[in-house]
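Presented below is the structure to which this report refers.
The values are calculated or read from the model by the stated rules, or taken from the named source; none is laboratory data. Here the structure is a predicted model, which is why all the values come from computation and not from measurement. The protein model used for the area step is the full one, side chains on, heavy atoms only, and it has no ligands, DNA or RNA in it. Shrake-Rupley method; radii C 1.70, N 1.55, O 1.52, S 1.80 Å.
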Amino acid sequence: MKIVKEYGDKIIPFSEPGDDNDVNFNKGKRVQIVRDFIGMDLSKMKTLDIGAPNAFGRLLGIKDNTLRTDLNDELHAPDRDYDLILFSEILEHLMNPLNALRSCHSLLKNGGILIVSTPTPNRFFIQSPSHLTEYRPDRLVQMLKWAGFDVLDYKKFCIWDRRFMFYGVRPFFRVLFHRSQLWKLRKI
């Protein structure tokens, strides 16, 4: 397992998006956290990863991926009646997150599981410019209920490996203050 990727003279702590070697400082730890959180054998399930194809879903064992589509509109997937859908680090970028969650609801079979991860708002720093909204847990729970989901489990965690803090000031603050929230939801 390669922790860093070399490009000529540069050593970069991240791999390219969609790279098969996407086990790095944050993704490798995140894969393990999410795998433990899901707690199910995904190899025997009909699964879907929402968003652009990437190594994260493949490392978890997710079989299908959504087709390239505007996630603010209705989601287009290869099939219906999924056992599990992964909706990771997307919700905060959407103009209409409730519509996307309802689309996930329609793609799941009855009692199906939706795994959602999103950053928690940070009271010390301004949110990322690419995030339209960062959700407090109490507000997100309300939206998840409106979309037709029941909360099974919740976890707050840091995906950044402590070694990452030595790559500069911004990475240092990410390790100290950036947290993600992970939700396990059931379609009701």
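Data overview
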quantity	calculated
Long-range HN-HN contacts of D49 with modeled amide H, under 5 Å	D64, N65, T66, L86
Heavy atoms of D83: accessible area, 1.4 Å probe, square angstrom to 10	30 Å²
Exposure of F172 as accessible area (Å², to 10), given a probe of 1.4 Å and all protein chains	80 Å²
Nearest-10 value in Å² for the accessible area of L59, using the 1.4 Å probe	60 Å²
